[in-house]
Amino acid sequence: MSYKTALRPIAAGICLALSASGALAQVADSPLKFDGAARIRFEHLSWNPDRKGTLEFDTIRLGYTYDDGQFLSSGRERYYHYSTRQTGASEGTSLLMNEYLWAGFRFADKSEIHAGQDIVPFGPLKYASHNFFESMAYYAGFEDTYAAGFKYLRTDGGLSTTLAFFPSDGGHFLGDADNMSVLDGRDSLRYSNHLMKQYGREERNTFVGRLAYAFEMGGGKQEIGVSALSGELAATDSSLSGGRRNAQAVHYTGEFGNFGVKLETINYRNKFSGNGSVDGNWWSACDNDCVIIGSYGFTNRMAAKGNIDIVSLSYKIPGSIGPFSSFRVYNDWSQLRKSASGYDRSWQNVTGVEFGSGAWWIMLDVARAKNQPYLSPVFGDALAAGGSGNTTGTRFNASIGYYF
């Protein structure tokens, strides 16, 4: 594929974003507001000869918020195009994914109730990291994760309480692709990571609770919090057993002038009442030691039980360089410690800088990782047993986005 061909969806996306931004500005004073972005990225993957110094289209996203003081609603849809370099096949594909879509009501005491596909209130919100790739918690379904159900939020002084019930993980709601043959199934056409019902198990009836206390210290905002999650793992294959999943987390976020820190530790467990494998099927290697998790059209095996640790540090650099300002440098480290015997640890460390100019925002990241499906040479088993050969890689990513 030539650069001219590869740039066609990129140019179309930027033109759409620029034209839409002008049209949407007409409703700037109403309770209904629209937002969007168009992004491209330049990348270099140390282990992939086809993706060393390549320019790729990333996403077009369109969303809205509605808030008249009492009634609330928000939603966002994303469009992606994968080149043949990204699919690893002879064909590329385009796909749509819904990120969230919910409606809510604000009571007189400022508490809120939401219904629909909404963010799961677990750990630091919305992110436990700063970089483009997020942290190991995202790939395990505990960061920037969305599900379908009901959520209640309230704040009493510095204490915020959130309770949620999600009958469904949201599935591939409003998700579709024009070439499923290069992807891992329709259920993986989603923004956040969940267990894949097409591979035998589905997340249902999940209860989540989060308590966080915010306070001022050292000239900045601080927050400490705890989260807990418990839900059903329903068997969608008659040969498999069902079970339950549970997770707990403790987090801290803080600002000290220009310096910022995010810390979190997560313990999660997927437990099954009986047989965990089916002979002759792709997930048969899991047994009860791993599960199948997926998003963005692709799936991976993941350790059924483990711990995730996150240390994220950042520093805001005052001033500007030419037209660019709002500089922030960061280093985000995280790891997945797996409980199954013989499963190798997964970790990633991303060092980067982000800055902007007007509506433009740029992120430059250098990621070093081991047994990470998108930052190292291992795919499929990275989050489970890990690779048997070269399991460490380096990935450079430059994300350039226009936001409106």
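The values are calculated or read from the model by the stated rules, or taken from the named source; none is laboratory data. Note that the structure is a prediction, hence the values are computed from the model and not measured. Positions of Cβ are generated from backbone atoms using ideal geometry, with glycine treated the same way; all protein chains shown enter the neighbour counts. Calculation scope for accessible area: heavy atoms of the full protein, side chains included, ligands and nucleic acids excluded. Shrake-Rupley method; radii C 1.70, N 1.55, O 1.52, S 1.80 Å.
Pairs linking a residue in segment 356-375 that is on the phi < 0 side of the Ramachandran plot and part of a strand (DSSP E or B) to a residue that is modelled with pLDDT under 95 and not small (Gly, Ala, Ser), with Cβ atoms under 7 Å and 6 or more positions apart or on different chains, are Lys370/Thr391. The one condition from (1) open to solvent by less than 50 Å² (accessible area, probe 1.4 Å); (2) closer than 30 Å to Ala384 by Cα; (3) β-branched (Val, Ile, Thr) that Ile362 does not meet is (2). Going through (1) more than 23 Å from Asn267 (Cβ to Cβ); (2) open to solvent by 20 Å² or more (accessible area, probe 1.4 Å); (3) in a loop (DSSP other than H, G, I, E, B) one by one, Arg154 falls short only on (3). The residue that is least open to solvent (accessible area, probe 1.4 Å), among those in segment 332-342 that are modelled with pLDDT under 95 and in contact with a strand residue (DSSP E or B) (Cβ under 6 Å, 6 or more places away or on another chain), is Ala340. The set of residues from segment 192-219 being among the aliphatic types (A, V, I, L, M), modelled with pLDDT of 95 or more and open to solvent by 60 Å² or more (accessible area, probe 1.4 Å) comprises just one member, Leu211. Applying the criterion of at least 1 residues that are surrounded by 14 or more Cβ atoms within 10 Å (Cβ to Cβ) and of a type in the set (Val, Ile, Thr) to the strands (runs of 3 or more DSSP E) found wholly in segment 23-119 leaves 32-45, 52-67, 93-106, 112-119.
Of the residues Phe42, Phe133, Phe107, Phe142, which is farther than 21 Å from His194 by Cα, of a type in the set (Phe, Trp, Tyr) and touching a residue at least 40 places away in the same chain (Cβ under 8 Å)?
Only one candidate passes the filter, namely Phe42.
Output the residues belonging to segment 154-191 that are aliphatic (A, V, I, L, M) and at negative phi.
Leu159, Leu163, Ala164, Ala177, Met180, Val182, Leu183, Leu189
In the condition set (1) more than 26 Å from Gly274 (Cβ to Cβ); (2) open to solvent by less than 40 Å² (accessible area, probe 1.4 Å); (3) assigned to a strand (DSSP E or B), Ala234 is compliant with all but (1).
When residues in segment 174-188 are screened for being assigned to a loop (DSSP other than H, G, I, E, B) and either crowded, with 18+ Cβ neighbours inside 10 Å or modelled with pLDDT under 90 (or both), 4 of them pass.
From the list Lys271, Lys305, which residue is at pLDDT below 95, surrounded by fewer than 23 Cβ atoms within 10 Å (Cβ to Cβ) and not small (Gly, Ala, Ser)?
One residue alone meets the criteria, Lys271.
Going through (1) in a loop (DSSP other than H, G, I, E, B); (2) open to solvent by less than 20 Å² (accessible area, probe 1.4 Å); (3) in contact with a Lys or Arg (Cβ under 8 Å, 6 or more places away or on another chain); (4) not hydrophobic (A, V, I, L, M, F, W, C) one by one, Asp381 falls short only on (2).
Exactly one residue among Val350, Val311, Val329 is farther than 25 Å from Met196 by Cα, touching a strand residue (DSSP E or B) at 6+ places or on another chain (Cβ under 8 Å), open to solvent by less than 10 Å² (accessible area, probe 1.4 Å) and β-branched (Val, Ile, Thr), and that residue is Val350.
Within this structure, Tyr191 fails the test of being closer than 28 Å to Trp333 by Cβ and in a strand (DSSP E or B). Looking at the structure I just gave you, is Asp169 over 18 Å from the mean Cα position of the chain (by Cα) and of a type outside the set (A, V, I, L, M)? Answer is no for this residue. Gly319 - would you say it is surrounded by fewer than 23 Cβ atoms within 10 Å (Cβ to Cβ), at positive phi and either of a type in the set (Asp, Glu) or not in a strand (DSSP E or B) (or both)? Here the answer is no, as Gly319 does not meet what is asked. The single condition from (1) open to solvent by less than 20 Å² (accessible area, probe 1.4 Å); (2) within 18 Å of Met136 (Cα to Cα); (3) out of contact with any Leu (no Cβ under 6 Å at 6 or more places or on another chain) that Gly401 fails is (2).
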